[in-house]
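Student: Below is a structure I'd like to ask you about.
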Amino acid sequence: MKTNIFIDNNAWDIFVDQNLDLSVELPPEEFNLKITREAEFEILQMPKEKREYVERYISQKTIKTDSFFGFYDESLPPNEQRNGGFDVGRFIDPEEARLIQGETIGPSKRPTGLLKNEADVSLAARSLHSFVITCDGKKALKRAKENSSGKIIDLKKYIPGTSLYSFIKAEIGFLNS
């Protein structure tokens with residue numbers, strides 16, 4: 001069975017800086033690499049080099065988007081819809097829904113079109129059943145790890161120049177123990 005890994009927006013910095021080939025470091029035979037729908041909003045705000053790196057993996061279908069099933073939200077333009085419709089979104093797990101409802105998502109809109117803390121809360125919900133690679137160990141992700149057994153892999157512990165594969169496998173082993 002493949003291991004599901006969600007990639008936080010801030011992890012891309014390390015991947016780009018190290019010029020890592022994710023299809024080698026995190027081979028598709030072993031890992032399902034994913035981003036949340038909210039993470040897609042952040043891609044357009046990335047610097048060009050980072051954006052092209054991410055878009056390459058998305059276009060190769062190495063990275064897939066995970067969205068929750070939901071209906072069209074009339075208050076948002078088509079390109080800012082958070083949910084996926086039929087044959088796109090998946091049903092939210094009750095535990096994920098509880099985590100999301102228990103977190104504060106700010107009223108202020110960011111340049112990405114997301115509300116404050118929205119992307120982190122979405123990732124925190126995914127950490128209940130999948131691993132999340134991040135460089136951000138605070139707020140919603142920290143609470144998910146401490147209160148709900150979230151599976152958070154702290155990329156700040158990764159040593160540049162070493163095998164990302166070995167690091168991830170060791171972290172998964174530790175979190176599963």
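The values are calculated or read from the model by the stated rules, or taken from the named source; none is laboratory data. Just so you know, these numbers come straight off a predicted model, no measurement behind them. Please note: Cβ atoms are built from the backbone with ideal geometry, for glycine as well, and neighbour counts cover all protein chains shown. The area values use the complete protein model at the heavy-atom level, side chains included, leaving out ligands, DNA and RNA. Shrake-Rupley method; radii C 1.70, N 1.55, O 1.52, S 1.80 Å.
Student: Six or more apart or on different chains, Cβ atoms under 7 Å: show the pairs whose first residue is in segment 151-169 and touching a residue at least 12 places away in the same chain (Cβ under 8 Å) and of a type outside the set (S, T, N, Q) and whose second is in a helix (DSSP H, G or I) and open to solvent by 70 Å² or more (accessible area, probe 1.4 Å).
Tutor: Within 7 Å, the pairs are Ile152/Lys145.
Here is a yes/no grid of residues against (1) outside any helix (DSSP H, G or I); (2) within 16 Å of Glu171 (Cβ to Cβ):
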{"residue": "Asn4", "(1), (2)": "yes, yes"}
{"residue": "Pro27", "(1), (2)": "yes, no"}
{"residue": "Glu42", "(1), (2)": "no, no"}
{"residue": "Glu55", "(1), (2)": "no, no"}
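Student: Would you confirm, using the coordinates I've provided, whether Lys156 is surrounded by 15 or more Cβ atoms within 10 Å (Cβ to Cβ) and not hydroxyl-bearing (Ser, Thr, Tyr)? Outline the logic, then answer.
Tutor: On the way: surrounded by 15 or more Cβ atoms within 10 Å (Cβ to Cβ): no; not hydroxyl-bearing (Ser, Thr, Tyr): yes.
No.
Student: Condition test on Ser149, is it small (Gly, Ala, Ser), open to solvent by 10 Å² or more (accessible area, probe 1.4 Å) and over 23 Å from Pro47 (Cα atoms)?
Tutor: Details: small (Gly, Ala, Ser): yes; open to solvent by 10 Å² or more (accessible area, probe 1.4 Å): yes; over 23 Å from Pro47 (Cα atoms): yes.
Yes, satisfied.
Student: Within segment 97-113, how many residues turn out to be assigned to a loop (DSSP other than H, G, I, E, B) and either touching a Lys or Arg at 6+ places or on another chain (Cβ under 9 Å) or at pLDDT 90 or above (or both)? Step through it out loud before you land on a result.
Tutor: First pass over segment 97-113, keeping only residues assigned to a loop (DSSP other than H, G, I, E, B): 103-108, 110-113.
Then drop every residue that is not either touching a Lys or Arg at 6+ places or on another chain (Cβ under 9 Å) or at pLDDT 90 or above (or both), which leaves 103-108, 110.
The qualifying residues number 7.
Student: Out of all the residues in segment 97-115, is one or more under 14 Å from the mean Cα position of the chain (by Cα) and either at negative phi or not basic (Lys, Arg) (or both)? Spell out the reasoning first.
Tutor: So in segment 97-115, the residues under 14 Å from the mean Cα position of the chain (by Cα) come out as none.
No; the residues of segment 97-115 include none that is under 14 Å from the mean Cα position of the chain (by Cα) and either at negative phi or not basic (Lys, Arg) (or both).
Student: Quick check: is even one residue across segment 112-127 exposed (fewer than 13 other Cβ atoms within 10 Å of the Cβ) and either of a type outside the set (Gly, Ala, Ser) or out of contact with any Pro (no Cβ under 9 Å at 6 or more places or on another chain) (or both)? Steps first, answer last, please.
Tutor: In the first step, residues of segment 112-127 are kept if they are exposed (fewer than 13 other Cβ atoms within 10 Å of the Cβ); the result is none.
Scanning segment 112-127 turns up no residue that is exposed (fewer than 13 other Cβ atoms within 10 Å of the Cβ) and either of a type outside the set (Gly, Ala, Ser) or out of contact with any Pro (no Cβ under 9 Å at 6 or more places or on another chain) (or both).
Student: Still on this model: Suppose the filter is in contact with a strand residue (DSSP E or B) (Cβ under 9 Å, 6 or more places away or on another chain) and under 17 Å from Ala125 (Cα atoms); does Phe31 pass it?
Tutor: On the way: in contact with a strand residue (DSSP E or B) (Cβ under 9 Å, 6 or more places away or on another chain): yes; under 17 Å from Ala125 (Cα atoms): no.
Answer is no for this residue.
Student: Of the residues that sit in segment 47-97 and are small (Gly, Ala, Ser) and surrounded by 15 or more Cβ atoms within 10 Å (Cβ to Cβ), which one is nearest to Leu22 (Cα to Cα)?
Tutor: Initial filter on segment 47-97 (small (Gly, Ala, Ser)): 59, 67, 70, 75, 84-85, 89, 97.
When the remaining residues are screened for being surrounded by 15 or more Cβ atoms within 10 Å (Cβ to Cβ), the result is 67, 70, 84, 89.
Details: Ser67: 22, Gly70: 31, Gly84: 26, Gly89: 25 Å.
Here the residue is Ser67.
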